[in-house]
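What follows draws every value from the coordinates through simple rules; no lab data is involved. None of the values given here were measured: they were computed from a predicted structure. Every residue, glycine among them, receives a Cβ derived from its backbone with ideal geometry; neighbour counts consider all protein chains shown.
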Amino acid sequence: MPGTITTDLTLVNATGGDAEVITNWTTTAAWSGAPAVSNDVYLQGSNAINARASTATPGTIALYWDHLTTGTANLDLTTSGYHVYFWIKCFSLPSMEKKVRGGIGVSISSTAGVTKTGTDPWSGINDSKQWFVTGSDFEPLSGWVCYVVDPASTADLSLGTPVMTSVDRIGIRAGALQTVGGGSVKPLPVIWDALRYGTGLTIKDGTGSAPVAFTDVYTTDSTTANQYGIISKQAGTYFGAGKFNFGTTSQTAETIFYDFGQVFVWQDFPVASGFYEFIINGASGQETTLHLGQYTGGLTSKGCTIKGTGHESQRLIAPAIVSGGTGYTANDILTVSGGTGSTAAQFKVITVSSGVITEIRMETAGSYSSPPTGTLSVTGGTGSGATFTATVAGGSIWTLTASAANQVAKFYACTFSEMKSAALAYNTVSPVLSSNCGTTNNSPTLTTTGSFNTSGVVIGMSVSGTNIQANTVVSSIESATSLTMSKNATGTGSSLTMTFSHSSEVRGSTFSNSGAVTSNGCVIDNCTFQDVKTTAPISATYALIINSSTEMGRVTNCSFINCNRAIKITAAGTYTFDNLTFSGNSYDVENSSAGAVTINATNGANPGTFINTGGGSTTINNSKTLTVTVKDSAGSAIQNAQTSIYKSSDNSELLNADTNASGIASTTYNYLADTDIYVRVRKSSTGATKYIPASTTGTITSSGFSVTITLSVDTNA
Amino acid sequence: MTKKDLMIDFDKKIIGLNIKGDKRYDVKELYSILMDLFDEPENMKYEIPIEASEKASFKMVNGWKLDKKAKKQLFGKIS
């Protein structure tokens, strides 16, 4: 299998963290079926811990916890961006409490003791944070899920004073609402396995002839011995939960990752906003190539889709009282006002003092595409005037970091969405194979006495040298010593020197519902930037950030649609917009520099709106031709017809001239937006044929304006 | 009739005739002069004041009007 895949995940405790033994696990409350190691139902290693959570009084929650002592006392989970990874499976989910009240949860405590505190279901062990990860209403398939939580994030429930720099216990919470095991079958349906902390995977090695692909990463992650839970796969779709480091700055061999046609979804877990990430690094002379999708004959295809999820079903958690209002009663259900979504969140009044709310909890998490934020007002209940805050949860986002040196990122026909931001680079890699290549006339096969693999040759690189046609690229690499070129060799030769070259590029791809892409000079061609996500959790402003005219020169044939600000230009200068089209943006361009930015639009580019935020100025030059052709009823050109064009908006004159011998009057116009116009043609002067005046209306578009007007002879004049 | 015989208020869209005596002119002659006048570059911005509705029949259009005196100084069909 290509590649070397490693992880920084560490068992929370070397003994018990892999759930091979029950050692170091401590229960809170006596489970209906005591937690026990079982090799019947497990995921990682040979065993998992199985237990039963049941309530003796259906409808009344019975809560259980089992915590693992951390291997390192006072473990600091806030360093290095650590997250907790915990495999849990519960096949009695229909009998559990709903997620909003903690059916199944992950508990992290900074106290060694496991004494319960709080009132059910808002209870747990002392000084703990509890993230409610699933419940009876959430995951009907009851499969294994490696839940990932950010210890630093706001939890659904926080008790006492949890200190995430000094963690002593991590465990599971299970809240049963129905009786389980009341019949002859006595299952132990709440199961947990490996419990780790860390950040993700590092993917290295691979060659041009045997590059690493997602399947290789998944295979390593999901071996029984590993089961890291950072990448999973269902029905052909990959699900990610962590950092994916492609290559390192200290690698001693090339890293080549190549895949196409895959769908990769970031799981909707309570992780830090910058946690999910593709990071590409390489070493000098040992570069990394990340290549997704295909590019053949100038056409892109078979791209990968990388996306977040859960943005249409964001919810509220952890409400806090701003004002307790007046006249409320315990158990009042308060419905949160505002936001856009299918289900409004509801709070439950737990306690009051003379009608003033003193404790509030979640009743319904809600489901929002645009959650209410800030100070929340509510309706319902017996009182009035109470206001609250709450934390918005849900909606996975990710970051693409491909800006380091010694790496080349190539994306073709890919779709990136729910992406917080991307940082790209230009980075050119040009390996030379000196005097050891061979060609055969009219054959696309290129051989070497050395090794294409160890030379860093990859698919997509351009090839140049003796007997090589222009614009030839590497189509496939059959082995370390043989590859196929996109064009036949023009002669037979051996011991030839060949130069291979490629740079980072994004072609035929779409960025949607995402944040800013900083090009840093990357080639970006035929891409679409659509729907910049201005609201949380992405909160972006720009689609594309350009820092120089050189960078802008590598961006061509792209569309910017429904963006708050499509392109941010940070430096003064003259920029060419080559077939960059804009529609529905608040501003097509933001000039954040303190100087003058001149934009020259070419090949149908249509920038029209701009804003200067750094004290500079912006000029858009987008010259279009306005042409009026005047003919008589026989189709012959009419010369010296007075022809004029005016803007409909303010009657300003754009053209006022006689037609030439070809019957044409024309002018140029600096196009900034579609502009309605009216046209007049008159020819009634004495001494020549007189015609009935004619007029028409039209619109100047990014293509300019052209019209032919036919005049009739005026027999009355 | 020549262009000099016309008095045109482009703002109020009123056309008069600066003709002394009782001489009357064919409205077709007025039409020809106005057409000639309104195809000048400086007048392209103004809407045409008159059009022929049919052979030898004319009407003032686009809000243009003849003053009372001018109406008496013209013969032929005009509305």
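Details
- Efficiency of FRET between A:Thr715 and A:Thr619 - r from beta-carbon atoms, R0 51 angstrom, step 0.05: 0.50
- Distance between the C-alpha centres of segment A:615-629 and segment A:374-437: 36 Å, rounded to the whole angstrom.
- Value of [θ]222 nm, deg cm²/dmol, for chain B, DSSP H segments ≥ 4, -39500 (n - 2.57) each, nearest 500: -6000 deg cm²/dmol
- For segment A:146-271, the relative contact order is 30 percent, taking Cα pairs closer than 8 Å that sit 6 or more residues apart in sequence and dividing their mean separation by the residue count.
- For segment A:296-334 and segment A:566-603, distance of Cα centres in Å: 34
- Relative contact order of chain A, defined on C-alpha pairs under 8 angstrom at six or more residues apart (%): 8
- Each peptide in A:111-122, A:421-432 was scored by the mean count of other Cβ atoms within 10 Å over its residues; highest first, the order is A:421-432, A:111-122.
- Beta bridges per DSSP with both ends in the protein assembly as shown, % antiparallel, nearest 5: 60
- 10 Å Cβ neighbours from other chains, averaged over peptide B:25-35: 3
- Rounded Å value of the spacing that divides the Cα centres of segment B:1-42 and segment A:43-102: 97
- Those aspartates and glutamates that a straight Cα-Cα span of less than 17 Å connects to B:Lys45, excepting residues fewer than 8 apart in one chain: A:Asp650, A:Glu653, A:Asp658, A:Asp676, B:Asp9, B:Asp11, B:Asp36
- Pairs from the table (A:Lys233/A:Lys533; A:Lys99/A:Lys533; B:Lys23/B:Lys65) lying more than 25 angstrom apart at Cα are A:Lys233/A:Lys533; A:Lys99/A:Lys533.
- Residue mean of other protein chain beta carbons inside 10 Å, B:39-46: 6
- Take each residue in A:678-688, count the other chain C-beta atoms within 10 Å of its C-beta, and the mean is 4.
- Entries of A:Lys410/A:Lys568; A:Lys683/B:Lys72; A:Lys302/A:Lys420; A:Lys647/B:Lys20 with Cα pairs more than 32 Å apart: A:Lys647/B:Lys20
- Helix-only arithmetic for chain A: the sum of -39500 (n - 2.57) across DSSP H runs with n ≥ 4, divided by the residue total, places the mean residue ellipticity at 222 nm at -500 deg cm²/dmol.
- Sorted ascending by nearby beta carbons within 10 Å, beginning with the fewest, A:Val265, A:Val523, B:Val61 become B:Val61, A:Val523, A:Val265.
- The alpha carbons of the protein assembly as shown occupy a box of 124, 92, 51 Å along the principal axes, longest dimension given first.
- Cβ crowding within 10 Å ranks A:Trp31, A:Trp192 as A:Trp31, A:Trp192, fewest other Cβ atoms first.
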